[in-house]
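Note sheet for the following structure.
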Amino acid sequence: MLCYGVGMRRLCILALPEVFDSAFAITRDVLEAGSRSQVPGAGDGGAPHDPFTVETVTVGGRGVPTAGGLAVPPGRGLTAAVDADLVLVPGFSLGEDGETPRDGGGGAMGEYLRRSEVRTAVRWLRSYRAGGGRLAAGCTATFVLAEAGLLDGLQATTSWWLADAFRSRYPAVDLQAHMMVTHQDGILCAGAALAHTDLALRVVGDLRGPAVADYVARRLLLDERVSQGHYMARDHLSRRHPDVSKAEAWIRAHLGETMRVDDVAAAVAVSPRTLARRLRDSTGESPLSFIQRLRVQHAVHLLETSKLSFEEIAARVGYQEPAGLRRVLRRRTGRAPSSFRDRLRSGSGSKAS
């Protein structure tokens, strides 16, 4: 929980140049719906009868062109958000070069971050955070928070195809590119463009309780997704070295077995040290973290799509004790196993705990 408290009143959406039309609109729509909705019995963990306000701010109060050629009209400048309880920054387009931004200072991302209005936003966000402000960003906008140095030492996520460029530019950030949403120390990050729905729902749930967030999700026909893993292109993830692809395939084929790093290295025909280096370069993870992530991804998939008991699922992903998987799920996703099973709605009576 973000623990805003009953006094939460104001959320500001910071629209930067070339903001994605869908990201801006869905963020505002979900937050507005979350503010207005009244759901009986929605008091757990939120303030159901205490709606918050949602405002849009821009650098200098000027109008902002969107990626689709529309415009966010002139309005309030950044100073209007100084006392906001949370500032959310939607992602923006990098143009045709945005699919493969180059490392270092070059490429479309580097050029975007050097724009004067973006540099102004970076300085303001740094000052706002220093004053205790809470932040959220989705997709490409996570680079802006990282550029301000606000994600150093924290877990974060970003669009999965930008993960390599992000790691290269911001090595001090604990990037969890497989996650849809991360939250640490009052900063939320979300993955690829439509993960803004997950980000906004997370904010609504933290402010007004899970019942309101669930109601808004059902009203807008939104499905919750904990991981970008289902959407990642495997050839993109492993393009740096074929050993990573081989390791992933072998691990997935042996998830239910006791597994050591030495076993994976032997299957790939490399030394454990070489395997660790390949994984670090391609995913930013250690071998043990990589194995654990694949196990968690498959466990979440089974919880969401099957009627297997939690004990059966734990065994299928290599945990002899269900309590071990339960702890890992909570640590990696911030959620209880039952929250995934609740969305299955199979009527079978099978329930993870």
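The values are calculated or read from the model by the stated rules, or taken from the named source; none is laboratory data. Everything numeric here is computed off the predicted structure, so don't read it as measured data. For neighbour counting, all protein chains shown are included, and Cβ atoms are generated from backbone atoms with ideal geometry for every residue, glycine included. Please note that ligands, DNA and RNA were not included when accessible areas were found on the heavy atoms of the full protein model with its side chains. Shrake-Rupley method; radii C 1.70, N 1.55, O 1.52, S 1.80 Å.
Close amide H partners of ALA137, meaning residues 5 or more places away or on another chain with modelled amide H under 5 Å apart, are VAL89, LEU188, CYS189, ALA190. Annotation: extensible slack from ARG335 through ALA71 equals 91.3 nm (criterion: 0.36 nm per residue apart, minus Cα-Cα distance). Peptide packing: for 132-138, 267-273, 282-288, the average count of neighbouring Cβ atoms within 10 Å per residue gives the ranking 132-138, 282-288, 267-273, highest mean first. Compared with the alpha-carbon gap, the fully stretched path from TRP250 to LYS307 is longer by 18.0 nm at 0.36 nm per residue. Largest first, the residues TRP124, TRP161 sort by 1.4 Å accessible area into TRP161, TRP124. Name the long-range amide H neighbours of LEU154: under 5 Å, sequence gap of 5 or more, or other chain; modelled H, no Pro or chain starts. Result for LEU154 returns ASP174.
Taken one residue at a time, the phi angles of region 124-141 give Karplus couplings (6.51, -1.76, 1.60, θ = phi - 60°) of 5, 4, 5, 5, 4, 5, 4, x, x, x, 9, 10, 8, 8, x, 6, 5, 5 Hz. Gly and Pro are set to x.
From most to least packed by mean Cβ count within 10 Å, the peptides 88-94, 316-322 give 88-94, 316-322. Between SER271 and ARG115, the simple label model (points 7 Å from Cα in the Cβ direction) yields a spacing of 4.8 nm.
In region 256-312, inverting the average of 1/r over every pair of distinct C-alpha atoms gives 12.7 Å as the Kirkwood radius.
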